[in-house]
1. For ASN307, only one of the following conditions fails: (1) under 22 Å from ASN248 (Cβ atoms); (2) touching a helix residue (DSSP H, G or I) at 6+ places or on another chain (Cβ under 9 Å). What is its number?
2. Just one of the numbered conditions (1) in contact with a Cys (Cβ under 6 Å, 6 or more places away or on another chain); (2) outside any strand (DSSP E or B) is not true of CYS301; which one?
3. Can you pull out the strands (runs of 3 or more DSSP E) entirely within the stretch 188-270 that have at least 2 residues that are more than 28 Å from GLY61 (Cβ to Cβ) and modelled with pLDDT of 90 or more?
4. Restricting to the stretch 24-53, what's the tally of residues that are in a loop (DSSP other than H, G, I, E, B) and either at negative phi or surrounded by 15 or more Cβ atoms within 10 Å (Cβ to Cβ) (or both)?
5. Hey, which of the strands (runs of 3 or more DSSP E) in the stretch 96-180, taking only ones fully inside, have at least 2 residues that are in contact with a Leu (Cβ under 7 Å, 6 or more places away or on another chain)?
6. So which residues in the stretch 116-142 are touching a residue at least 40 places away in the same chain (Cβ under 8 Å) and either crowded, with 21+ Cβ neighbours inside 10 Å or under 15 Å from the mean Cα position of the chain (by Cα) (or both), if there are any at all?
7. If you go through the stretch 176-200, how many residues are closer than 21 Å to MET143 by Cα and either loosely packed, with under 15 Cβ neighbours inside 10 Å or assigned by TED's automatic domain parsing to the domain that holds ALA259 (or both)?
8. Return the residues of the stretch 313-343 that are outside any loop (DSSP other than H, G, I, E, B), under 26 Å from the mean Cα position of the chain (by Cα) and surrounded by 18 or more Cβ atoms within 10 Å (Cβ to Cβ); say none if nothing qualifies.
Amino acid sequence: MRRQLNGFIGLIGLLLLFSAPTALMQDATVAVPSIVGMNVPQTAAVLNRVGLALGAQNNIGWTAESGLPQNTVGSQAPIPGQPVAPGTPVDVTVLRSPNVALMYDDNDITLINNTGAPLDLNGLTFNMVEGAAPASFAATRWMGALQAGGCAQLWSVLRSSPKDVEGCARINRWLTNVNNTSEHFWTGLNGVVSFNIVYNGLQYATCPAAPAGALPMRCETYLPSGSPAEVTPYLYFAYTPDRLIILNQSTDRWMPLDATPVINLNPNLAVPEAQINLTDPNLVTRINPVADVSLLAPNQCLLFTNNVSPEQPNLPQACDLVGQANIDPGQIFWSASFDIVSAADGQRRTCAPATPGRLTICILSR
């Protein structure tokens with residue numbers, strides 16, 4: 001979806017909301033804001049705006065007696081009002097009932113989807129945290145989604161069929177990977193002591209590895225599922241001929257960027273249809289050191305320009321600027337039509353080129 005808005009509004013950016021953390025980073029201490037009752041994307045936005053980082057997320061089960069909505073922050077450390085150094089991480093305890101489980105021993109591990117909805121496996125990884133050698137597994141190796149009540153299984157030994165696991169209505173996906181020990185993230189036989197569960201760049205749990213000869217172990221956590229309430233299903237671009245922002249204009253959702261490349265259709269390119277990784281550290285300079293440029297919190301944005309100063313960004317729309325990329329004026333991708341490759345279905349979708357004297361807004365399915 002795209003529309004043209006009359007009037008050039010580049011000077012709006014001088015009202016940049018991010019001016020507050022820039023100044024605060026120079027102060028000796030920052031007062032920790034209260035974030036209890038907010039969801040995690042809102043929490044990150046509030047903390048980043050005053051120069052603090054989102055720290056560890058610890059989940060505890062939600063009940064009707066919790067006094068706060070499910071999936072919101074129930075407590076925080078440091079406490080509200082405490083003076084801390086800029087950049088300090090604030091750990092949160094989130095009221096989330098576990099909805100996925102891992103059942104495992106030293107040979108195999110099974111993911112059980114108890115969410116009551118399809119679980120999107122894109123962005124889900126398991127990683128060795130402590131151990132002898134790095135090991136990780138991308139859940140997309142099990143395909144793109146796991147049905148409600150279904151299970152996915154991974155083996156580190158030769159196996160001709162999956163095994164029954166208590167709590168699994170059915171085994172939807174299973175893999176045997178004997179030789180590639182770099183994927184054996186859960187087993188003490190591979191020297192692993194502990195591993196984590198990461199979804200869309202966020203760590204949701206840390207689990208102990210299964211030592212040799214262990215009885216079946218269980219590790220539970222919460223993961224967003226179904227139509228993820230904490231993730232925007234789209235990308236939002238706002239641009240003029242010399243400036244473009246990718247803006248999370250939602251009030252309570254993340255906007256992931258690392259799995260959605262842009263296809264540059266500028267005819268001046270030496271290599272036609274070059275792909276641009278929107279969070280490439282060689283391209284994007286972090287403006288707010290505590291923010292995650294690959295996972296925009298509400299009101300955060302990335303700025304792409306034709307080499308303007310970050311002190312005078314003149315943003316197309318006011319937002320909390322967390323990163324900036326300067327591109328050669330002859331190669332800016334929004335001077336022509338440009339495409340994105342959807343992370344959801346791999347399809348290309350197109351935005352119109354910038355129009356002189358106008359603000360262009362393009363919203364495409366992520």
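1. Condition (1) is where ASN307 drops out.
2. Among (1) in contact with a Cys (Cβ under 6 Å, 6 or more places away or on another chain); (2) outside any strand (DSSP E or B), CYS301 violates only (2).
3. So the answer is 234-240, 243-247, 262-264.
4. Qualifying residue count, the stretch 24-53: 15.
5. Values: elements: 100-104, 108-113, 124-131, 136-138, 150-155, 170-176.
Of the strands (runs of 3 or more DSSP E) lying wholly inside the stretch 96-180, those with at least 2 residues that are in contact with a Leu (Cβ under 7 Å, 6 or more places away or on another chain) span 100-104, 108-113, 150-155, 170-176.
6. LEU119, ASP120, ASN122, GLY123, LEU124, THR125, PHE126, MET128, ALA135, PHE137
7. Residues flagged as closer than 21 Å to MET143 by Cα and either loosely packed, with under 15 Cβ neighbours inside 10 Å or assigned by TED's automatic domain parsing to the domain that holds ALA259 (or both) within the stretch 176-200 amount to 4.
8. ASP320, LEU321, VAL322, GLY323, GLN324, ALA325, PHE333, TRP334, PHE338, ASP339, ILE340
The values are calculated or read from the model by the stated rules, or taken from the named source; none is laboratory data. Note that this is a predicted model, so its numbers are computed, not measured. For neighbour counting, all protein chains shown are included, and Cβ atoms are generated from backbone atoms with ideal geometry for every residue, glycine included.
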